[in-house]
Amino acid sequence: MIVKVGQAIKNNHRKNEIMKLPWFKRIGIFFMPVRIPGWLILMVGIAYAVYVFFDIDSRSHSASDTLRPFFITLFMITAVYTLIAWLTSGKPQDNKT
């Protein structure tokens, strides 16, 4: 019984260590995905941007009718991506060597 409790605590500690792994790495002002969840978030953001573009384009009559709402939506997608990346990037690294 004590061994099982010890193993459960050890496994829980290991899960916490895995969750502390950064999903993104900050490069200048940009965030580059370094783990699978980061790549999934990037791919979902790109897929959603493409979907929104074609959805807006199907209902618009001119280029400005398409681009204005698309850039507003793209700004929101980028803001959400940056917030998620900032929260999951871990500690900032000092690049001074």
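The values are calculated or read from the model by the stated rules, or taken from the named source; none is laboratory data. These figures come from a predicted structure and were not determined experimentally. Positions of Cβ are backbone-derived with ideal geometry, glycine not excepted, and every protein chain shown enters the neighbour counts.
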List, please: which pairs have Cβ atoms under 6 Å, are six or more places apart or on different chains, and start with a residue in segment 77-88 that is farther than 10 Å from Arg26 by Cα and end with one that is part of a helix (DSSP H, G or I) and of a type outside the set (Ser, Thr, Tyr)? Ile77/Gly45; Ile77/Ala49; Tyr81/Gly45; Ile84/Ile41
Just for segment 38-80: of the residues that are among the hydroxyl-bearing types (Ser, Thr, Tyr) and either assigned to a helix (DSSP H, G or I) or out of contact with any helix residue (DSSP H, G or I) (no Cβ under 8 Å at 6 or more places or on another chain) (or both), which one is nearest to Trp23 (Cα to Cα)? Thr78
Tell me, yes or no, whether segment 48-68 has at least one residue that is under 23 Å from the mean Cα position of the chain (by Cα), surrounded by 14 or more Cβ atoms within 10 Å (Cβ to Cβ) and small (Gly, Ala, Ser). yes
Selection over segment 24-37 where residues are farther than 10 Å from Thr82 by Cβ and out of contact with any helix residue (DSSP H, G or I) (no Cβ under 7 Å at 6 or more places or on another chain) yields a count of 9
Output the residues belonging to segment 12-67 that are in contact with a strand residue (DSSP E or B) (Cβ under 7 Å, 6 or more places away or on another chain), at pLDDT below 95 and aliphatic (A, V, I, L, M). Met32, Val34
